[in-house]
Amino acid sequence: MNENERNQEALFRHAILGELLSRNLRRGELRPALKRLAEETYRDPNGRPRRAAYKTLEEWLYKYRNGGFEALKPRPRSDRGLSRVLSEELEQLVLDMKREDPGRSAHVMVRELELAGRIGPRQVSVSSVQRLLRSRGLSVPRMELDHAARYRWEASMCGELWQADALHGPMLMNPATGRTQRAIIFGLIDDRSRLIPYVEAGFGETEQRFLTVLYHAIARRGIVRRLLLDNHASFTGYDLRLLCARLGIHLVHSRPGDAPSKGKIERAWRTLRGQLIGRLDLERVTSLDELNLRLWTWVETEYHHQPHSWLSGRTPLEVWESDADQIRWVSDHSQPE
């Protein structure tokens, strides 16, 4: 609260207590008077309905008698600007996430931290994050920063969280139908390393196509622990849920309108469009095989070897290989009998 808000609240409390502040009450009159006030509903300075408990009213009354109007003002918290829930490490993580993407809301950040396993469900409230951001001057969504954060938020290890999505590619001839059709590119990205476990273009945006992509990703890069998807039908089918349950993959779907929670793969798609898709010579790339060859050439020879600013100048492949001992490989997974 600023000083004006504290004054408004004190006036509100003063108005509720009303004549009790100036009356010389006889013995036995105070309790029933406070009980009557506690049964009423009042409008606070913001116009919202509000009630005050008997003990609260009694506290206000004695504060006024001992300190006058100033005593009715809410006292600033002694730990103002400090979170009582967030550890120092988690505070820095939240600040880095906000600096990385100023449009990322407190709600989205709490959701991302839960998905990555950094905090438990409902362990941290959105209001706690909002207070922290306000105290550091980072609560304006469209703020401009002098410099980027040195480190950004990421999953704690490679293979902990993959994000998956589908990208609309170029129009190509579909031999099965004899007509030109939009190619759909399914891909996954490792949250920590930004490595692309697998990517493939094809016709149709179906669950079966995504299962094929996921199968190849697991064969190449191991069994992921969490998989973050949107709510498209290709990501919500029975077969996918059954597969993930058997492999011990925690399947998480982003909430409707929560696109920022998959921001890393969205940025990878923008890079793919800028460096490859937008520059394809469609007169030479006429089939899915040619498109997939271009995709994998770009992934393996360019993208995986490009130093990443949010990886402290390291490449996705370097980060992935440095954390290889944490990967759950298919050969290590025991199938239930």
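Since every read-out is calculated from the coordinates, none of them should be taken as a lab result. Since the model is a prediction, treat every value here as computed from it, not as a measurement. Positions of Cβ are generated from backbone atoms using ideal geometry, with glycine treated the same way; all protein chains shown enter the neighbour counts.
Which lysines, on any chain, are close to K264 with Cα under 19 Å apart, when same-chain ones fewer than 8 places away are left out?
Answer for K264, where 19 Å is the Cα cut-off: K98, listed by chain and number.
Ranked highest first by average number of other Cβ atoms within 10 Å, how do 110-123, 162-175 line up?
Ranked from most to least packed, the peptides come out as 162-175, 110-123.
Report the net charge of residues surrounding G237, where surrounding means a beta-carbon distance below 14 angstrom and charges are Lys +1, Arg +1, Asp -1, Glu -1.
-2
What number comes out for the charge environment of L251, summing +1 per Lys or Arg and -1 per Asp or Glu over other residues with Cβ under 10 Å away?
Cβ neighbours under 10 Å give a net charge of +2.
So how do F12, F69, F186 line up by other beta-carbon neighbours within 10 Å, fewest first?
F69, F12, F186
Straight distance only, please: which lysines reach the Cα of K35 with their own Cα at less than 20 Å, same-chain residues fewer than 8 apart left out?
Leaving aside lysines fewer than 8 places away in the same chain, those within reach of K35 are K55, K63.
Indicate, rounded to the nearest 5 percent, the antiparallel portion of the DSSP beta bridges found entirely in the chain.
In the chain, DSSP labels about 75 percent of beta bridges as antiparallel.
Highest mean first, what order results for 288-301, 28-41 on Cβ atoms within 10 Å?
Descending packing order for the listed peptides: 288-301, 28-41.
Label point 7 Å out from L280 along Cα-to-Cβ: which residues of region 198-216 have amide N under 17 Å?
Once the point is set 7 Å along Cα→Cβ of L280, 199-206 turn out to lie under 17 Å by backbone N, inside region 198-216.
Give me the one-decimal Kirkwood hydrodynamic radius in Å for region 3-72, with the sum taken over alpha-carbon pairs.
12.5
Cross-link candidates for K73: which aspartates and glutamates have Cα within less than 18 Å, leaving aside residues fewer than 8 places away along the same chain?
Those aspartates and glutamates meeting the cut-off are E3, E5, E9, D44, E58, E59.
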